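Here the structure comes first, spelled out in structure tokens, and everything after it is commentary.
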Amino acid sequence: MPFEATVQSVPALLDAAARPAASLFGVSFRDGYVGSVIAVSLYVSLTAVALSTLVSVPAAVAIGLTEFPGKEFVKSVVNTGMGFPSVVVGLVVLFAVSNQGPLGSLELIFTREAMIMSQFVLATPPITAISLAAVSGVDDGVRDAARVLGGTRVDVALVVIKEARYGIATAVLAGFGRAISEVGSVLIVGGNITSADGISKTRTLTTAIQLEARQGQYETAMVLGAVLVALVLIVNAIVVRFGDRGVAG
């Protein structure tokens, strides 16, 4: 099957998977609507968390294994970032991608890419902070043993990452939870847009829940909420499963 056809079939598969929950509450959706909303939510959140992990984990390892002036201040800044207001992040990203902003020429306003930028900013502090705590908690003897055996700085870092993998996995899950549950910033930068046929362009599960609740469609909002919780549980189970495989290996 061509790649494009595979991508286009994902919302339909997700839509079919969500139908049991809709039937339980006696709610009906336009064909493809729920699947497209789930697909946008997963695409935006997983992409943002993946990019954030690529930045946050190396940063946490570098901070944790290096002694430098102002280290405690850097830690406090990272920890403070975990409570940064999401609406403010949305406003900053909106300005950056607007016509008057530095990224205005890229025409990213009300796009999934802008939503990814917003969620990246929100997910990075918790992933960095929790990963840093996990790295700092690794026994000094592990690092010393790696150095005695002739390990380079990279080898020592890899050993520390292996020892701190559970904490890092927790950090990634915390970042994913922050991203997938976000409403304010993605609503500001994404616009909660659907096409004329009801297929999501920038509407996510959280913004759809907010919209349905405001319209008094509480059963619909409950179904979408159940789908959101199920997605989080599935992602958590996958991460835990990979962690268990790592231990078994």
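The values are calculated or read from the model by the stated rules, or taken from the named source; none is laboratory data. Just so it is clear, the model here is predicted, and its values are computed rather than measured. As a convention, Cβ positions derive from the backbone with ideal geometry for all residues, glycine included, and neighbour counts pool all protein chains shown. Note: accessible area is taken over every heavy atom of the protein model, side chains too, but ligands, DNA and RNA are not part of it. Shrake-Rupley method; radii C 1.70, N 1.55, O 1.52, S 1.80 Å.
Highest average first, the peptides 177-187, 35-45 ordered by how many other beta carbon atoms sit within 10 Å of their residues are 35-45, 177-187. Spin-label model, residue 51/residue 155: points 7 Å from Cα along the beta carbon direction are separated by 3.6 nm.
Working ranking of peptides 116-122, 195-201 by packing, defined as the average number of other Cβ atoms within 10 Å per residue, highest first, is 116-122, 195-201.
Over all pairs of different C-alpha atoms, region 32-244 has a mean inverse distance whose reciprocal, the Kirkwood radius, equals 18.6 Å.
Averaging over all projection directions, the Cα-based convex hull of region 175-238 occupies 4.8 nm² in the image plane. Remark: the residue 165-residue 62 segment gains 35.5 nm on full extension, using 0.36 nm per residue and subtracting the alpha carbon distance. Using a cutoff of 8 angstrom between alpha carbon atoms and counting only pairs six or more residues apart, the relative contact order for region 32-244 works out to 29 percent. Where does the Debye-calculated log10 I(q)/I(0) of region 153-202 sit at q = 0.17, 0.25 Å⁻¹, using only Cα point scatterers of equal weight, no solvent? Computed log10 I(q)/I(0) values: -0.67, -0.92.
The trypsin sites (Lys or Arg not before Pro) of region 26-104 meeting both criteria, a DSSP state outside H, G, I, E and B (loop) and at most 12 other C-beta atoms within 10 angstrom of the site's C-beta, are 30. Summed over the residues of region 107-219 and divided among them, the accessible surface reaches 46 Å² per residue at a probe radius of 1.4 Å.
May I ask for the Rg/Rh ratio of region 103-191, computed from Cα atoms with Rh as the Kirkwood radius, given to two decimals? Result: Rg/Rh = 1.20. When Rg and the Kirkwood radius Rh are both evaluated on Cα atoms of region 30-76, their ratio Rg/Rh stands at 1.35.
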